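Since the structure comes first, as structure tokens, the remarks are kept for the end.
The values are calculated or read from the model by the stated rules, or taken from the named source; none is laboratory data. On a predicted model such as this, the values are computed, not experimentally measured, just so you know. Note that we place each Cβ from the backbone using ideal geometry, even for glycine, and neighbour counts take in every protein chain shown. Side chains included, ligands, DNA and RNA excluded: accessible areas come from the protein's heavy atoms. Shrake-Rupley method; radii C 1.70, N 1.55, O 1.52, S 1.80 Å.
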Amino acid sequence: MDIKNHKKKIVEQFSKQASGYTAITSHSDALDKLISLSSASKSDSVLDIACGSGIVSCEFAKYTKHVTGIDMTQGMLDEARKLQTKLNLANVTWQIGDVESLPYKDNSFSIVISRFGFHHFLNPFKVLSEMKRVCKTEGKVLVVDVSLPDTKIKKYNEMEKNRDYSHVTALSLTEFSNLFEKVGFKCLNTDFYSMQIGLKEQVKASFPKDANALKSMIIADVGVNDLGINVSKLNDEYFLHYPVHIFSAKN
């Protein structure tokens, strides 16, 4: 895949999504779990990779010394600044940049986190290597993303590539484990939560190639779960339950 063209797709897709991204309530799920798992404190300096509209960055800013959020989409960073202002946080810095080549020195941050970014990366090994490089010794690296068993990945990716044309691939639990080991982390911890979102809300917030095909694919998966998202129906509304895993390792 052409790297330049893919980055253009990401910017296009998330420029469209920017204004409504923070409003999706499920995007704020489990923030307290991330804070707890990271052992965040007022002595920590945090880097949020592919920070988007700043939801994670701003949450960490409440508990830490300083947070830097980096993203390649200006529209998302504009939304992040709005959230920062709304929450009256002075200890956050935003930067536009490429996460495959981070503009920071080695050992710069005590916590390095990325949430919902890895399925967009053409080279997740390079990104995780960069996260490790800029993380201080004894610091923590956390990656949060949808992750499924190997048997569910193919159909899930088919759905997501329709819903979001900047989607590359979701990594399976096995692939994430292998990735952390390959980068050089010796002990990987995992945690889990389920992120529920209504089908109507998800389609409204997305810009699918074929909305009708997307809806049909999801509705047909009720009670089947080939997609790995445990689609359910309640009072004529359909709900998706994304399996989100938190991978954390000490540097």
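Residues in segment 153-176 that are open to solvent by 50 Å² or more (accessible area, probe 1.4 Å) and over 17 Å from the mean Cα position of the chain (by Cα) were compared, and the one that is farthest from SER216 (Cα to Cα) is THR174. Counting only residues that are open to solvent by 10 Å² or more (accessible area, probe 1.4 Å) and touching a Lys or Arg at 6+ places or on another chain (Cβ under 9 Å), segment 64-91 holds 6 of them. Residue pairs whose Cβ atoms lie under 6 Å apart, sitting 6 or more positions apart in sequence or on different chains, and linking a residue in segment 28-52 that is within 18 Å of TYR242 (Cα to Cα) to a partner that is of a type outside the set (A, V, I, L, M), are ALA30/TYR193; LEU31/GLU59.
Tell me, yes or no, whether segment 135-143 has at least one residue that is among the acidic types (Asp, Glu) and out of contact with any strand residue (DSSP E or B) (no Cβ under 7 Å at 6 or more places or on another chain).
No, segment 135-143 has no match at all.
Here is the figure for segment 98-121: residues that are within 19 Å of the chain's Cα centre (by Cα), open to solvent by 20 Å² or more (accessible area, probe 1.4 Å) and over 24 Å from LYS186 (Cα atoms) total 1.
Taken as a whole, the condition of being among the β-branched types (Val, Ile, Thr), modelled with pLDDT of 95 or more, touching a Phe, Trp or Tyr at 6+ places or on another chain (Cβ under 9 Å) and closer than 23 Å to PRO103 by Cα applies to ILE70. Can ASN123 be described as without any contact (Cβ under 8 Å) to a residue 24 or more places away in the chain and not hydrophobic (A, V, I, L, M, F, W, C)? Criteria met by ASN123.
Looking across segment 42-57, the residues that are over 14 Å from the mean Cα position of the chain (by Cα) and closer than 20 Å to ASP32 by Cβ come down to LYS42, SER43, ASP44, VAL46.
Pairs linking a residue in segment 180-198 that is at positive phi to a residue that is part of a helix (DSSP H, G or I) and surrounded by 16 or more Cβ atoms within 10 Å (Cβ to Cβ), with Cβ atoms under 7 Å and 6 or more positions apart or on different chains, are GLY184/LYS132. The residue that is surrounded by the most Cβ atoms within 10 Å (Cβ to Cβ), counting only those in segment 1-49 that are at pLDDT 95 or above and assigned to a loop (DSSP other than H, G, I, E, B), is ALA40.
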